[in-house]
Amino acid sequence: MINETVKKPVTIRPRRKVSLPTKRAASPVARTVRRPARAAAEADSTPPSRQTYYSAVGRRKEAVARVRLYPYTAGDIIVNQKKVSNYFPYFEHLQKAESAITETGLKDKVMATVRVGGGGTQAQAEAVRLGIARALVQFDPNLKKSLRALGFLTRDSRAKERKKYGLKRARRAPQFAKR
(Lines give C-alpha, C1' and ligand atoms only; values in the text may rest on other atoms or scores of the structure.)
Protein backbone atom coordinates (compact mmCIF):
# COMPACT_ATOMS: atom_id res chain seq x y z
CA MET A 1 0.00 0.00 0.00
CA ILE A 2 1.26 3.36 -0.96
CA ASN A 3 0.67 6.13 1.46
CA GLU A 4 -0.56 9.05 -0.52
CA THR A 5 -0.46 12.49 1.01
CA VAL A 6 -3.08 14.85 -0.10
CA LYS A 7 -1.77 18.30 -0.86
CA LYS A 8 -4.04 21.13 0.09
CA PRO A 9 -4.02 24.34 -1.87
CA VAL A 10 -2.04 27.09 -0.11
CA THR A 11 -3.39 30.58 -0.06
CA ILE A 12 -0.84 33.33 -0.07
CA ARG A 13 -1.80 36.34 1.94
CA PRO A 14 -0.35 39.74 1.14
CA ARG A 15 2.11 41.08 3.73
CA ARG A 16 0.96 43.83 6.00
CA LYS A 17 2.97 46.99 6.05
CA VAL A 18 4.30 47.60 9.53
CA SER A 19 4.98 51.19 10.37
CA LEU A 20 7.90 51.62 12.74
CA PRO A 21 7.95 54.55 15.16
CA THR A 22 10.10 57.34 13.82
CA LYS A 23 12.47 59.40 15.92
CA ARG A 24 11.58 63.01 16.31
CA ALA A 25 14.38 65.34 15.43
CA ALA A 26 15.84 66.89 18.57
CA SER A 27 16.31 70.47 17.47
CA PRO A 28 16.82 73.58 19.56
CA VAL A 29 13.80 75.25 18.01
CA ALA A 30 10.67 76.10 19.91
CA ARG A 31 8.42 73.20 20.87
CA THR A 32 4.75 73.18 21.73
CA VAL A 33 3.62 71.47 24.90
CA ARG A 34 0.17 70.27 25.88
CA ARG A 35 -0.59 69.82 29.57
CA PRO A 36 -3.68 68.64 31.41
CA ALA A 37 -5.67 71.17 33.41
CA ARG A 38 -4.44 71.61 36.98
CA ALA A 39 -5.93 72.86 40.21
CA ALA A 40 -6.69 76.55 40.52
CA ALA A 41 -4.10 76.94 43.29
CA GLU A 42 -1.28 76.00 40.94
CA ALA A 43 -2.69 77.90 37.97
CA ASP A 44 -0.92 81.16 38.84
CA SER A 45 2.59 79.63 38.76
CA THR A 46 2.16 77.22 35.86
CA PRO A 47 2.29 78.20 32.22
CA PRO A 48 -0.83 78.06 30.04
CA SER A 49 -1.89 74.64 28.79
CA ARG A 50 -0.63 75.02 25.21
CA GLN A 51 2.28 77.36 24.62
CA THR A 52 5.64 77.56 22.89
CA TYR A 53 8.76 77.24 25.00
CA TYR A 54 12.52 77.14 24.53
CA SER A 55 14.47 74.47 26.37
CA ALA A 56 18.11 74.35 27.41
CA VAL A 57 20.36 72.54 29.86
CA GLY A 58 22.81 74.14 32.27
CA ARG A 59 25.48 72.25 34.23
CA ARG A 60 27.95 73.08 36.99
CA LYS A 61 29.98 70.52 38.99
CA GLU A 62 27.43 67.72 39.62
CA ALA A 63 24.34 69.93 39.23
CA VAL A 64 22.13 69.70 36.12
CA ALA A 65 19.35 72.21 35.40
CA ARG A 66 16.74 71.61 32.67
CA VAL A 67 15.16 74.93 31.75
CA ARG A 68 11.99 75.75 29.83
CA LEU A 69 11.61 79.39 28.90
CA TYR A 70 8.10 80.63 28.09
CA PRO A 71 8.27 83.91 26.13
CA TYR A 72 5.66 86.66 26.28
CA THR A 73 4.49 85.43 29.70
CA ALA A 74 5.00 87.62 32.73
CA GLY A 75 5.89 85.39 35.63
CA ASP A 76 8.47 84.24 38.10
CA ILE A 77 11.12 81.56 37.81
CA ILE A 78 9.80 78.23 39.13
CA VAL A 79 12.48 75.81 40.37
CA ASN A 80 11.33 72.27 41.23
CA GLN A 81 7.69 73.46 41.65
CA LYS A 82 8.75 76.24 44.06
CA LYS A 83 9.30 79.93 43.54
CA VAL A 84 12.95 80.74 43.02
CA SER A 85 13.04 82.83 46.22
CA ASN A 86 11.82 79.83 48.24
CA TYR A 87 14.17 77.34 46.56
CA PHE A 88 17.29 79.52 46.96
CA PRO A 89 16.89 81.16 50.40
CA TYR A 90 20.34 82.81 50.33
CA PHE A 91 20.39 86.14 48.54
CA GLU A 92 23.64 85.39 46.65
CA HIS A 93 22.25 82.16 45.18
CA LEU A 94 18.94 83.83 44.33
CA GLN A 95 20.74 86.70 42.62
CA LYS A 96 22.90 84.27 40.61
CA ALA A 97 19.92 82.22 39.45
CA GLU A 98 17.92 85.28 38.34
CA SER A 99 20.84 87.29 36.93
CA ALA A 100 20.52 86.19 33.28
CA ILE A 101 16.92 87.42 33.07
CA THR A 102 17.41 90.60 35.12
CA GLU A 103 20.54 91.72 33.24
CA THR A 104 18.79 91.40 29.88
CA GLY A 105 15.74 93.34 31.14
CA LEU A 106 13.25 90.57 30.31
CA LYS A 107 11.95 90.02 33.83
CA ASP A 108 8.35 90.95 32.89
CA LYS A 109 8.43 89.36 29.42
CA VAL A 110 9.49 85.75 30.07
CA MET A 111 8.79 82.97 32.54
CA ALA A 112 11.02 79.99 33.25
CA THR A 113 10.39 76.59 34.79
CA VAL A 114 13.45 74.68 35.94
CA ARG A 115 14.09 71.11 37.09
CA VAL A 116 17.42 70.99 38.87
CA GLY A 117 19.19 68.21 40.75
CA GLY A 118 22.59 67.14 41.98
CA GLY A 119 25.37 69.17 43.53
CA GLY A 120 24.93 71.83 46.18
CA THR A 121 22.90 75.01 46.16
CA GLN A 122 25.79 77.10 44.80
CA ALA A 123 26.33 74.75 41.84
CA GLN A 124 22.57 74.52 41.26
CA ALA A 125 22.23 78.31 41.13
CA GLU A 126 25.02 78.56 38.57
CA ALA A 127 23.53 75.70 36.53
CA VAL A 128 20.16 77.49 36.51
CA ARG A 129 21.85 80.70 35.33
CA LEU A 130 23.61 78.90 32.46
CA GLY A 131 20.43 77.09 31.41
CA ILE A 132 18.37 80.29 31.40
CA ALA A 133 21.07 82.13 29.46
CA ARG A 134 21.17 79.40 26.81
CA ALA A 135 17.38 79.43 26.51
CA LEU A 136 17.40 83.23 26.17
CA VAL A 137 19.86 82.95 23.26
CA GLN A 138 17.48 80.54 21.52
CA PHE A 139 14.62 82.99 22.14
CA ASP A 140 16.57 86.03 20.89
CA PRO A 141 19.99 85.47 19.21
CA ASN A 142 20.77 89.20 19.58
CA LEU A 143 21.23 88.66 23.34
CA LYS A 144 24.19 86.33 22.80
CA LYS A 145 26.80 89.09 22.68
CA SER A 146 25.69 90.76 25.91
CA LEU A 147 25.27 87.44 27.77
CA ARG A 148 28.71 86.31 26.59
CA ALA A 149 30.26 89.58 27.81
CA LEU A 150 28.69 89.06 31.25
CA GLY A 151 30.10 85.50 31.35
CA PHE A 152 26.71 83.80 31.55
CA LEU A 153 27.26 81.54 28.52
CA THR A 154 30.59 80.12 29.70
CA ARG A 155 30.29 76.65 31.20
CA ASP A 156 32.50 76.43 34.30
CA SER A 157 34.08 73.02 33.73
CA ARG A 158 35.86 72.77 37.09
CA ALA A 159 34.80 69.67 38.97
CA LYS A 160 36.02 67.59 41.86
CA GLU A 161 39.16 65.59 41.11
CA ARG A 162 38.88 61.81 41.45
CA LYS A 163 40.31 59.98 44.45
CA LYS A 164 43.59 58.14 43.84
CA TYR A 165 44.58 54.73 45.17
CA GLY A 166 46.55 54.87 48.43
CA LEU A 167 45.50 58.44 49.20
CA LYS A 168 42.75 59.74 51.45
CA ARG A 169 41.35 62.14 48.83
CA ALA A 170 42.55 63.21 45.40
CA ARG A 171 45.96 64.35 46.71
CA ARG A 172 45.84 64.07 50.50
CA ALA A 173 48.37 61.47 51.63
CA PRO A 174 47.94 59.48 54.85
CA GLN A 175 49.63 61.04 57.88
CA PHE A 176 53.27 60.02 58.26
CA ALA A 177 54.09 58.18 61.50
CA LYS A 178 57.74 58.28 62.53
CA ARG A 179 57.43 55.59 65.25
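The values are calculated or read from the model by the stated rules, or taken from the named source; none is laboratory data. All values derive from a computational prediction rather than experimental measurement. Cβ: placed from backbone, ideal geometry, glycine included. Neighbour counts: every protein chain shown. Calculation scope for accessible area: heavy atoms of the full protein, side chains included, ligands and nucleic acids excluded. Shrake-Rupley method; radii C 1.70, N 1.55, O 1.52, S 1.80 Å.
For the cross-link pairs Lys61/Lys107; Lys83/Lys109; Lys96/Lys164; Lys83/Lys160, which exceed 24 Å when the distance is taken from alpha carbon to alpha carbon? Over 24 Å Cα-Cα: Lys61/Lys107; Lys96/Lys164; Lys83/Lys160. Each peptide among 95-103, 159-167 gets the average number of other Cβ atoms lying within 10 Å of its residues, and from highest to lowest they stand as 95-103, 159-167. Computed extension gain for Asp108 through Arg155, at 0.36 nm per residue and net of the alpha carbon distance, reaches 14.3 nm. Taking all protein chains together and a 1.4 Å probe, the residues Phe176, Phe139, Phe91 rank Phe176, Phe91, Phe139 from largest to smallest accessible area. Calculated accessible area for region 69-179 comes out at 65 Å² per residue, all protein chains present (probe 1.4 Å; ligands, DNA, RNA ignored).
Taking Lys and Arg as +1 and Asp and Glu as -1, the other residues whose beta-carbon sits under 14 Å from that of Thr104 total +3. Using a probe of 1.4 Å, the accessible surface attributed to Asp76 totals some 50 Å² when neighbouring protein chains are kept in position.
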